[in-house]
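Take a look at the structure set out below.
The values are calculated or read from the model by the stated rules, or taken from the named source; none is laboratory data. Worth saying up front: this structure is predicted, and the values here are computed from it rather than measured. Methodologically, a virtual Cβ is constructed for each residue, glycine included, from the backbone with ideal geometry; neighbour enumeration extends over all protein chains shown.
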Amino acid sequence: MSPSFARKLTFWGLLMGLVGVLILFRYGMPFHVPTHGHNYIYDSYTNNPDITLEHRYTRWGYVGLGCLVVGTILQMLALWSPRSEPVPPVHEPVPTQTSDNRGSTEYVGEPHGNANDR
């Protein structure tokens, strides 16, 4: 996976998580004791607008929870999938002494210094 695609997944995951949290703060968790429109003082009275409101809050609670879960999964995919092949380190010529005591440049052993230090 390219780094730019991983960044896009992370961005959309964070955005979905934020939207999910905001929806949950507004409508609450969808798991609650349903009232079915009954007023607790009078058991025989059913309030239809309350039933509609209760269904709306439950529906939006599930939408918010779903956004939060999808956002988390997108972020996990962005981190879990393998990145593209790493760039091999640059080998620099290392000066060595030859038998005639002149400096020459040859590739000897491990490179000295880090390519990022330049």
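Across the range 4-34, the qualifying residues are those that are of a type in the set (Ser, Thr, Tyr) and over 30 Å from ASP50 (Cα atoms), and the one among them that is surrounded by the most Cβ atoms within 10 Å (Cβ to Cβ) is THR10.
Residues in the range 29-71 that are modelled with pLDDT of 85 or more and of a type in the set (Gly, Ala, Ser) were compared, and the one that is farthest from LEU18 (Cα to Cα) is GLY61. Note on the range 48-82: residues that are touching a residue at least 60 places away in the same chain (Cβ under 8 Å) and β-branched (Val, Ile, Thr) total 1.
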